[in-house]
Amino acid sequence: MPDFDTSVPHVARVYDYWLGGKDNFAADRVMGERTLQAYPNLVYSVRANRAFLARTVRFLANQGIRQFLDIGTGIPTANNTHEVAQGAAPESRIVYVDNDPIVLSHAKALLKSTPEGACAYLDADLRDPDTILAGAANTLDFARPVAVMLIAVMHFIGDDAEASAIMNRLMAACVPGSYVALSHAASDIDAAQMAEMIRRLNESTAEKTTLRDRAGVTRLFDGLELVEPGVIRAAEWRPDTDLETASPAALWGGVARKP
């Protein structure tokens, strides 16, 4: 039997449902439909988020980054961090971090490294960056540049000061030349629909989501050098196609370098 309550929706499994995945339960599907009724474009947002992840990892690999710390991994789907990174550089090393047992069980089963590189999996919470960093140091060399991937996860930290402190602690452990990539649900794109969608989501999930506006997301990068084009709708961050750019995604995204 699973060691988690399948009658309570979990954000990672609802997200899997939005993406069309199979790793979800009835409660997750009910919540998935309720939130889609409030914001039908949500499906475009979650797809745009996955595409943003792939583009940022590819960009970072092209900058010579060979180590990735992916926090809030979610249930594996297409174009996972190690697949994109090791596709560009097979020796890349990736640490996946999540606090949901179903995510970790799937990650261990499905996310397999190249022989040249490495994949590791940590059961840890974004709110405990010291535990994450200590565990990641078994696989990653923090004396060399690391890319911290915070893809659609910082909006689970409701307090702005706590969110900034987490970002600062993670980046303090990284050497200059390291990067952070972040996407975040937006309060100022499709504002009314997004607010109602989040209200419905927060009614039933343990992990509460807090929307932030563009300025609030930008502040999370304080002290770092934003890569062009800065904090922008995730679908517009260095898109591969015009079709990607046109996605009605209510997400801010950005990548920054530690000077």
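Within the set of pairs 6 or more residues apart or between chains, which connect a residue that is under 21 Å from His106 (Cα atoms) and part of a helix (DSSP H, G or I) inside the stretch 64-93 to a residue that is open to solvent by 50 Å² or more (accessible area, probe 1.4 Å) and basic (Lys, Arg) with Cβ atoms less than 9 Å apart?
As it stands, the answer is His82/Arg93; His82/Lys112; Val84/Arg58; Ala85/Arg58; Ala85/Arg66; Ala85/Arg93; Gly87/Arg58, since those pairs meet every condition given.
Please tell me if Glu203 is without any contact (Cβ under 8 Å) to a residue 40 or more places away in the chain, closer than 20 Å to Glu33 by Cα and over 19 Å from the mean Cα position of the chain (by Cα). Even if it seems obvious, please write down each step before you answer.
On the way: without any contact (Cβ under 8 Å) to a residue 40 or more places away in the chain: yes; closer than 20 Å to Glu33 by Cα: yes; over 19 Å from the mean Cα position of the chain (by Cα): yes.
So Glu203 passes the test.
Quick one: Ala109 ticks every box in (1) out of contact with any Cys (no Cβ under 7 Å at 6 or more places or on another chain); (2) surrounded by 20 or more Cβ atoms within 10 Å (Cβ to Cβ) bar one, so which box is it?
Going through the list (1) out of contact with any Cys (no Cβ under 7 Å at 6 or more places or on another chain); (2) surrounded by 20 or more Cβ atoms within 10 Å (Cβ to Cβ), Ala109 breaks only (2).
Suppose we filter Ala215, Ala192, Ala206 for residues that are assigned to a loop (DSSP other than H, G, I, E, B) and out of contact with any Leu (no Cβ under 8 Å at 6 or more places or on another chain); which single one remains? Outline the logic, then answer.
Numbers: Ala215 fails: assigned to a loop (DSSP other than H, G, I, E, B); Ala192 fails: assigned to a loop (DSSP other than H, G, I, E, B).
Only one candidate passes the filter, namely Ala206.
What are the residue pairs meeting all of these: first residue in the stretch 209-237, first residue under 24 Å from Tyr15 (Cβ atoms), second residue among the aromatic types (Phe, Trp, Tyr) and surrounded by 22 or more Cβ atoms within 10 Å (Cβ to Cβ), Cβ atoms under 7 Å, and 6 or more apart or on different chains?
Correct list of pairs: Arg214/Trp252; Val217/Trp252; Val231/Trp252; Arg233/Trp252; Ala234/Phe52; Ala234/Trp252; Trp237/Phe52.
Under 7 Å between Cβ atoms, which residue pairs at least 6 apart in sequence (or on different chains) link something in the stretch 12-40 that is closer than 22 Å to Ala107 by Cα with a partner that is open to solvent by less than 10 Å² (accessible area, probe 1.4 Å) and part of a loop (DSSP other than H, G, I, E, B)?
Ala12/Asp100
Can you tell me which of Arg214, Arg257, Arg233, Arg238 is open to solvent by less than 50 Å² (accessible area, probe 1.4 Å) and either among the charged types (D, E, K, R) or modelled with pLDDT of 95 or more (or both)?
On the way: Arg214 fails: open to solvent by less than 50 Å² (accessible area, probe 1.4 Å); Arg257 fails: open to solvent by less than 50 Å² (accessible area, probe 1.4 Å); Arg238 fails: open to solvent by less than 50 Å² (accessible area, probe 1.4 Å).
The unique qualifying residue is Arg233.
In the stretch 65-115, which residue that is within 17 Å of the chain's Cα centre (by Cα) and small (Gly, Ala, Ser) is nearest to Ile157 (Cα to Cα)?
Ranking the qualifying residues of the stretch 65-115, first place goes to Gly72.
For a quick check of your reading of the model, give me the residue pairs whose first member lies in the stretch 117-131 and is closer than 27 Å to Ala61 by Cβ, whose second is modelled with pLDDT of 95 or more and of a type in the set (D, E, K, R), with beta-carbon atoms closer than 6 Å and at least 6 apart or on different chains.
Gly117/Glu91; Gly117/Arg93; Ala118/Arg93; Pro129/Arg169
Each row is one residue, and each column tells you yes or no for (1) closer than 16 Å to Ile151 by Cα; (2) open to solvent by 10 Å² or more (accessible area, probe 1.4 Å); (3) among the hydroxyl-bearing types (Ser, Thr, Tyr).
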position	(1), (2), (3)
Gly32	no, no, no
Val46	yes, no, no
Thr56	yes, no, yes
Thr77	yes, yes, yes
Gln86	no, yes, no
Asn99	yes, yes, no
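The values are calculated or read from the model by the stated rules, or taken from the named source; none is laboratory data. Keep in mind that what you see is a predicted model, and the values were worked out from it rather than measured. Here Cβ is always computed from backbone atoms with ideal geometry, including for glycine, and neighbour counts include all displayed protein chains. Surface accessibility is based on the protein's heavy atoms, side chains included, excluding ligands, DNA and RNA. Shrake-Rupley method; radii C 1.70, N 1.55, O 1.52, S 1.80 Å.
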